[in-house]
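Derivation of every value follows stated rules applied to the coordinates shown; laboratory data play no part. Values in this document were obtained by computation on a predicted structure and should not be read as measured data. Every residue, glycine as well, gets a Cβ built from its backbone with ideal geometry; the counts of neighbours run over all protein chains shown.
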Amino acid sequence: MTDPVQSLRHTIADDLRTQIATGHLKAGERLPSEPRLAADYKVSTPTLRNALTLLQAEGLIEKIHGKGNFVRRSLHRLTYAEGRLTPDADLHVMIRTTNLRARGDLIPLLKVPSRTPLTEFLCLTHQGERPHSLARIYVPRDLEPTELPWPRPGRAETQQVVTARLPTPEEASTLRLSPTLAVLAIT
């Protein structure tokens with residue numbers, strides 16, 4: 001037996017998905033308020049929010065706290081080849097550096113003693129005004145380069161591990177992602 005609330009949330013999600021796919025709801029457009037949508041679909045606000053959560057998890061809409069729900073613009077593809085990201089021309093990167101000491105998972109990952117002085121490079125890539133990707137790069141201070149620490153052939157031995165995982169609360173907030181949407185992590 002099917003749950004009527006489950007069925008309603010899927011029906012609403014299907015309708016909104018169709019409106020997005022056909023261009024009736026355009027990329028970047030703000031959806032009507034949740035109370036208005038709930039009234040239009042003749043459902044409770046929690047049922048409507050469940051439908052919106054499905055679309056957030058699919059990457060079709062994003063909820064911006066205090067502003068509402070918006071149809072997501074399609075993200076441009078980033079190519080990762082030869083240890084480097086080759087971004088689209090309209091991407092820009094903000095970099096913040098922090099000095100810290102090796103702790104936790106960083107010790108075996110970097111093969112350094114506990115409390116080794118490190119520099120963390122926090123790289124946040126934007127596409128226009130929208131966050132696109134987030135990278136944290138850790139470099140022992142005695143190896144700190146004079147330029148960005150992107151791996152280059154012949155400079156250092158690197159090993160890359162690619163995994164999919166749920167975003168941390170900070171990543172979900174920074175990248176405006178649903179905490180239930182998987183992210184690609186390259187270590």
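Could you give the length gained by full extension between Thr187 and Ile95, i.e. 0.36 nm per residue of separation minus their alpha carbon distance, to one decimal place? Don't jump to the answer; show the numbers that get you there.
Values: separation 92, 0.36 × 92 = 33.12 nm, distance 1.83 nm.
Extra length from Thr187 to Ile95 when fully extended: 31.3 nm.
Residue separation times 0.36 nm, minus the C-alpha to C-alpha distance between Leu124 and Arg141: what's the value?
Additional length available on full extension: 4.0 nm.
In whole angstrom, how long is each semi-axis of the equivalent ellipsoid of segment 4-71, when you take the square root of 5 times every eigenvalue of its Cα gyration tensor and sort them from largest down? Kindly include the intermediate steps, with their values, before the conclusion.
On the way: eigenvalues 58, 37, 24 Å².
In descending order, the three semi-axes are 17, 14, 11 Å.
Between Ala164 and Gln19, what length comes free when the chain is fully extended (0.36 nm per residue of separation minus the Cα-Cα distance, one decimal in nm)?
Working: separation 145, 0.36 × 145 = 52.20 nm, distance 2.96 nm.
Taking Ala164 through Gln19 to full extension adds about 49.2 nm, to one decimal.
Beta carbons within 10 angstrom, averaged per residue: use that to sort the peptides 48-57, 9-18, 103-112, 125-134, highest first. Don't skip to the end; give the middle numbers.
Numbers: 48-57: 19.8, 9-18: 17.2, 103-112: 12.7, 125-134: 14.9.
Most protected by this proxy first, the peptides run 48-57, 9-18, 125-134, 103-112.
Considering only Ser7, Gln19, Pro32, whose Cα is most displaced toward the positive end of the charge dipole of segment 4-71, charges sitting on Cβ of Lys, Arg (+1) and Asp, Glu (-1)?
Pro32
Students often check this: by mean Cβ neighbours within 10 Å, which of 61-71, 20-30 ranks highest, and how do the rest follow?
Values: 61-71: 15.2, 20-30: 12.3.
Descending mean neighbour count gives 61-71, 20-30.
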